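The values are calculated or read from the model by the stated rules, or taken from the named source; none is laboratory data. Small disclaimer: the values here were computed from a predicted structure and weren't measured. Please note: Cβ atoms are built from the backbone with ideal geometry, for glycine as well, and neighbour counts cover all protein chains shown.
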Amino acid sequence: MRVNVRIDGSSIVVVNPAGRLTAGLAITLLHNQVEDLLRNGFTEIVLEMEDVCLVDCAGIGEMVACWCKVRSQGGSLKLVHVSPRLCELLELFGLKSVFEIFDSVKAAISSFANSRTGGGVVEPAIRTEESRTLISKERSQSLQAGDSWF
């Protein structure tokens, strides 16, 4: 796994993990990156999940730990490009309502400005009927193939 970071504007950071977000080195890399960002005063973080191909329980646990750490510093961590499978896992664990999930990095970045000014969230998370259908189809295919959810 690798973790790319880019600063968008003066205070918002986009973190793009790539590969498998699973127990071991991968979650340590993400944890250390978020810790470094917080140490350097970056508390508005977008976690872009587009290049993550697999997330296990430890990966979800680390996402929650990062969210908690950022919140404890007065910041916010938002998810972008969440796969239907990860979306289903977040729903299964009751975490979909915890994370703010967006379809684009631009929408997530805009939401930081909206939250500062008291405006509403722009372009909300994957909650459309089409997305639910995709999740259901993927679940059926996965169960037929005998795949686990992790």
Next item on the list: Would you check if E44 is buried (at least 23 other Cβ atoms within 10 Å of the Cβ) and either in contact (Cβ under 8 Å) with a residue 24 or more places away in the chain or under 15 Å from S11 (Cα atoms) (or both)?
Entry: yes
Item checked: Filter result for the condition that a residue is under 12 Å from L79 (Cβ atoms) and either at pLDDT below 95 or in contact with a His (Cβ under 7 Å, 6 or more places away or on another chain) (or both), over M49, M63 -> M49
Next item on the list: Search the range 47-97 for residues being touching a Cys at 6+ places or on another chain (Cβ under 8 Å) and either aliphatic (A, V, I, L, M) or outside any loop (DSSP other than H, G, I, E, B) (or both), and hand back the single one that is farthest from L25 (Cα to Cα).
Entry: L77
Next item on the list: Tell me, yes or no, whether the range 62-75 has at least one residue that is free of Cβ contacts under 8 Å to residues at least 40 places away in the same chain, buried (at least 18 other Cβ atoms within 10 Å of the Cβ), on the phi > 0 side of the Ramachandran plot and within 13 Å of the chain's Cα centre (by Cα).
Entry: no
